[in-house]
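The values are calculated or read from the model by the stated rules, or taken from the named source; none is laboratory data. Owing to the predicted nature of the structure, the values given are computational and were not obtained by experimental measurement. Note that each Cβ is placed from the backbone with ideal geometry, even for glycine, and that neighbours are counted across all protein chains shown. Note: accessible area is taken over every heavy atom of the protein model, side chains too, but ligands, DNA and RNA are not part of it. Shrake-Rupley method; radii C 1.70, N 1.55, O 1.52, S 1.80 Å.
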Amino acid sequence: MSSQPVKESQRTVDPLRRRPSQRRSARRVERMLDACAELLDEVGYEALTTTRVAERAGVAVGSVYQFFPDKRALSDALTRRNVEMFVARVGRRFINEDYAGWWDAVDAIIDEYVEMHRDVPGFRSLHFGDVFDLNLLDSVADNNTVIAGRLRALLLAEFGLVDSEELDRAILVAVEAGDAVLKLAFRHDSDGAPDIVAEAKQLVRGYLSRQLRDAEAPNPS
């Protein structure tokens, strides 16, 4: 198969050439993504190649091309997996932990981002596709808009906020602002500068506390 990069106009939301139909194939694809994540942390995106991914994953390079046309598609698929993992981990926190209010839930979301940045291979190199495809997760909305929508759904379900366009906008702005400040924290310290992480929490909580007053469901009399 050709290893020529796919043009931007040819890309779809799904970076896979085809979906694995058998459990063995699915496990092989996961090994490829794990290898891609490890190599991104070790050598960076520019030095990443499909050949290196194949060698690290213990598969033939033809197996990589069977599912991924190029290293960009591999990285896109890894970003998608990172986002799904982030949302799932935040969801588990919401199930297993008790929060006094949405502000503590926001802190938990930021803590999860920081933990993944420290512990999940490839996460610090790709984040949520910010250096790649801004429309990876949805063909219309950019990635942070999709992430904001998923986090909004969690907050609505957990805290009974009143749904509105204003709430959508507030959460999107909070996600964009928090993402930018947290990236700054990791530029200053590979583990995330604690003082800047604390500033990110304060910034997001302060902003949302002003924006969400009208979104909080009234207490029944």
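Here are a few things to note about the model shown:
- If you go through segment 180-215 and keep only what is touching a residue at least 60 places away in the same chain (Cβ under 8 Å) and not small (Gly, Ala, Ser), you end up with Leu182, Phe186, Asp191, Val197, Lys201, Val204, Arg205, Leu208, Leu212.
- Val53 closer than 18 Å to Pro121 by Cβ, modelled with pLDDT of 90 or more, surrounded by 18 or more Cβ atoms within 10 Å (Cβ to Cβ) and β-branched (Val, Ile, Thr): yes
- Any hit, segment 123-142, residues being modelled with pLDDT of 80 or more and either more than 25 Å from Met32 (Cα to Cα) or open to solvent by less than 60 Å² (accessible area, probe 1.4 Å) (or both): yes
- All positions within segment 85-102 that are outside any helix (DSSP H, G or I) and either open to solvent by 40 Å² or more (accessible area, probe 1.4 Å) or among the charged types (D, E, K, R) (or both): Glu97, Asp98, Tyr99, Ala100
- Residue check for Gln10: at pLDDT 90 or above and not basic (Lys, Arg): no
- Whichever residue in segment 162-218 is of a type in the set (Ser, Thr, Tyr) and assigned to a helix (DSSP H, G or I) and, among such residues, is farthest from the chain's Cα centre (by Cα): Ser209
- Residue tally, condition surrounded by 15 or more Cβ atoms within 10 Å (Cβ to Cβ), among the hydrophobic types (A, V, I, L, M, F, W, C) and farther than 23 Å from Ala153 by Cβ, over segment 185-206: 5
- Considering (1) at pLDDT 95 or above; (2) under 30 Å from Arg205 (Cβ atoms), the lone condition that Gly101 does not fulfil carries the number (1).
- Remark: pairs (first residue in segment 144-163, open to solvent by 20 Å² or more (accessible area, probe 1.4 Å) and of a type outside the set (Ser, Thr, Tyr); second residue assigned to a helix (DSSP H, G or I) and modelled with pLDDT under 75; Cβ separation under 9 Å; 6+ apart in sequence or on different chains) = Val162/Asp214; Val162/Ala215; Asp163/Ala215.
- Residue check: Asp41 meets all listed conditions (1) in a loop (DSSP other than H, G, I, E, B); (2) among the acidic types (Asp, Glu); (3) modelled with pLDDT of 75 or more but one, namely (1).
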